[in-house]
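Asker: Dropping the structure in here first, questions after.
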Amino acid sequence: MTESTGRLAAYWERQLDKMDERERRHAKRLPGWRTRRRRRVLAAVMGLADLGLIAGASVFTGRGDVLFGVLWIGSAVAGGGAFVLLRILTGRMSGGFSRLLDEREREWRHRVTYVAFQILGYLMIAAMIYSLVVAHTEDGGLRGAMMLSALLVTGTTLPSVMLGWALPDDDPEDFEEGMGNA
């Protein structure tokens, strides 16, 4: 039992080291974008994309809607791009293990994750109510599932959006030191 536990612990240490190395590589990407102003633009794009998904789900009728397709696909592409960029710019705070974070980063992450979880709960209640309202309409189940999907995506992107909006500018000296060590 202790041998398998030791192997498992060694495996996780290797995985965390790989994640730490990946984070060091990502930390050098997009140096000109590492300002609060740029992150806020991306957070706003992500928020508008989330609203676009919700609007698309609300106009969905299940009969080949062009408006739904434009809203849903456009929002997914814009939101997906903004989400990837926000994940790079907010670093490991939005998805890293606690071992890889310092105390300030850990506190930020816990705070936004807690708030986002509460908001996600309310969004799921809204999806349930929407599903009950449209249940007796044509394609009611499909419409409810589309709204559930849109609200779930919105809720899961909230931590990155909140971090992108609220984090201060990166310290340029820290970034230059990181670039010099590479």
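Asker: Look through segment 130-143, keep the residues that are among the charged types (D, E, K, R) and outside any helix (DSSP H, G or I), and return whichever of them is most open to solvent (accessible area, probe 1.4 Å).
Answerer: Only one residue fits best here, namely Glu138.
Asker: Return only the number of the condition from (1) under 15 Å from the mean Cα position of the chain (by Cα); (2) of a type in the set (Gly, Ala, Ser); (3) loosely packed, with under 14 Cβ neighbours inside 10 Å that Gly155 does not satisfy.
Answerer: Condition (3) is where Gly155 drops out.
Asker: Shifting gears a bit: Taking Gly81, is it in a helix (DSSP H, G or I) and at positive phi?
Answerer: Spelling it out, it is not the case that Gly81 is in a helix (DSSP H, G or I) and at positive phi.
Asker: What residue, among those in segment 30-63 that are among the β-branched types (Val, Ile, Thr) and under 23 Å from Leu123 (Cα atoms), is surrounded by the most Cβ atoms within 10 Å (Cβ to Cβ)?
Answerer: Among those that are among the β-branched types (Val, Ile, Thr) and under 23 Å from Leu123 (Cα atoms), it is Ile54.
Asker: In this structure, does Val66 turn out to be modelled with pLDDT of 90 or more and surrounded by fewer than 20 Cβ atoms within 10 Å (Cβ to Cβ)?
Answerer: No; evaluated as a whole, the condition is false for this residue.
Asker: Right, another one. If I filter segment 96-117 for residues that are in contact (Cβ under 8 Å) with a residue 60 or more places away in the chain and closer than 20 Å to Val161 by Cα, do I get at least one hit?
Answerer: The answer is yes; a qualifying residue exists.
Asker: While we're on this one: Against the condition surrounded by 12 or more Cβ atoms within 10 Å (Cβ to Cβ) and either more than 14 Å from Thr156 (Cα to Cα) or at pLDDT 85 or above (or both), how does Ala127 come out, does it pass?
Answerer: Yes.
Asker: Of everything in segment 75-104, what is touching a Gly at 6+ places or on another chain (Cβ under 8 Å) and either open to solvent by 40 Å² or more (accessible area, probe 1.4 Å) or at pLDDT below 85 (or both)? Give them in sequence order.
Answerer: Correct list: Ala78, Arg87, Leu89, Thr90.
Asker: Give Thr154, Thr90, Thr113, Thr61 a once-over and let me know the one that is touching a helix residue (DSSP H, G or I) at 6+ places or on another chain (Cβ under 8 Å) and not in a helix (DSSP H, G or I).
Answerer: One residue alone meets the criteria, Thr61.
The values are calculated or read from the model by the stated rules, or taken from the named source; none is laboratory data. Keep in mind the model is a prediction, meaning the values are calculated, not measured. Quick reminder, even Gly has a Cβ in these numbers, built from the backbone with ideal geometry, and neighbours come from all protein chains shown. SASA here: full protein model, heavy atoms, side chains in, ligands and nucleic acids out. Shrake-Rupley method; radii C 1.70, N 1.55, O 1.52, S 1.80 Å.
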